[in-house]
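The structure under discussion appears below in the form of structure tokens.
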Amino acid sequence: MNTSTTVRQALKPPVDVAVHSQTQTATFALG
Amino acid sequence: MLRTRVGYAGGTTQNPTYGSLGDHSETIQIEYDPAVISYSALLDVFWGSHRPTRPAWSRQYASAVFYHNEEQKRLALEGKVRHEANLGQKIYTDIAPFTGFHLAEDYHQKHQLRRVPELERELRAIYPELGDFVGSTAVTRVNGYLGGYGTLERLQTEIEDLGLSVAGRKLLLDIVAASRR
């Protein structure tokens with residue numbers, strides 16, 4: 001991991017660091 | 001809602017682009033926590049967001065549910081029957097298995113956020129790569145609030161978690177407060 005990647009990791013918003021125990025995906029086409 | 005992204009799905013064309021979609025349809029993909037929102041609730045939004053009572057002009061603008069498992073298939077088929085009964089009209093929505101998703105070009109993603117360059121700039125500084133940017137929950141949520149979804153009170157509870165500067169937080173709160181009056 002280079003320096004800029006490390007810095008960006010540190011800047012990650014808390015909401016993106018939060019771990020979700022289960023996620024699901026939905027895919028739609030709305031015409 | 002954890003993540004949203006737009007792209008192309010449902011077809012067989014390799015490497016589709018907006019200018020060369022082939023047999024794909026314009027699609028939204030949503031990643032969600034089923035403990036917070038159910039697939040049935042997402043389907044309700046889907047049915048309520050458009051009115052596919054005529055066949056689509058083209059595959060590009062087709063109405064479709066691409067199901068990821070048997071439970072989603074069952075709920076989509078049941079919902080379609082119910083929606084047709086409610087409307088008293090045939091619904092031209094394909095219920096088909098999900099076979100793959102192709103991310104749309106950068107300029108199609110996060111339209112609401114693009115209207116506020118100050119906020120877009122802050123989040124792109126954290127996520128310079130397109131895949132990371134559209135895959136970010138923070139970006140998804142800021143985009144959603146700017147699009148008129150979610151309440152000011154809810155935003156106030158999570159504003160500190162969205163990765164924005166002090167000025168960015170104030171700007172987002174001001175925009176949402178003004179738009180929810």
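No value in this document is a laboratory result; all are computed from the given coordinates. Just so it is clear, the structure is predicted and the values come from calculations on it, not from any experiment. When we count neighbours, we look across all protein chains shown, and the Cβ atoms used for this are built from the backbone with ideal geometry, even at glycine.
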For region B:23-72, what class follows from the C-alpha gyration tensor (a ≥ b ≥ c being the square roots of its eigenvalues): rounded when a/c is under 1.5, otherwise prolate if a/b is larger than b/c, else oblate? prolate
Could you list which residues have their amide H under 5 Å from that of B:Ser63, counting only those 5 or more apart in sequence or on another chain, with H placed in the peptide plane? A:Gly31, B:Ala56, B:Asp94
Suppose the Debye formula is applied to equal point scatterers at every Cα of chain B; what is log10 I(q)/I(0) at q = 0.08, 0.11 Å⁻¹? -0.30, -0.56
Given only helices, namely DSSP H runs of n ≥ 4 each adding -39500 (n - 2.57), what is the per-residue ellipticity at 222 nm of chain B, to the nearest 500 deg cm²/dmol? -13000 deg cm²/dmol
Against the longest principal axis of chain B, how steep is helix B:70-87, in degrees 0 to 90 to the nearest 10, with axes from Cα atoms? 80 degrees
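Over the Cα atoms of the protein assembly as shown, compute the convex hull volume and normalise it per residue, giving Å³.
On the way: hull volume 31.3 nm³, N = 212.
Per residue, the Cα convex hull of the protein assembly as shown comes to 148 Å³.
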Which one of B:Ala125, B:Leu146, B:Ser165 is farthest out on the positive end of the charge dipole of region B:110-179, using unit charges on Cβ (Lys, Arg +1; Asp, Glu -1) and the Cα centre as origin? B:Leu146
In debye to the nearest 20, the charge dipole size for chain B, taken about the Cα centre with +1 at each Lys and Arg Cβ and -1 at each Asp and Glu Cβ, equals 600 debye
Per 5 angstrom bin, beginning at 0 and ending with the bin that holds the maximum distance, the Cα pairs of region B:110-179 fall in percents of 3, 18, 33, 28, 13, 4, 0
Candidate cut points under GluC sites (Glu not before Pro) in region B:36-111, DSSP loop plus at most 14 other Cβ atoms within 10 Å of their own Cβ, are B:Glu105
What angle, in degrees between 0 and 90 and rounded to the nearest 10, separates the Cα long axis of helix B:117-126 from the longest principal axis of the Cα atoms of chain B? 90 degrees
Acute angle (nearest 10 degrees) that the helix B:166-179 long axis makes with the longest principal axis of chain B, alpha-carbon atoms: 50 degrees
Reachable lysines from B:Lys73, Cα under 20 Å, same-chain residues fewer than 8 places away excluded? B:Lys90
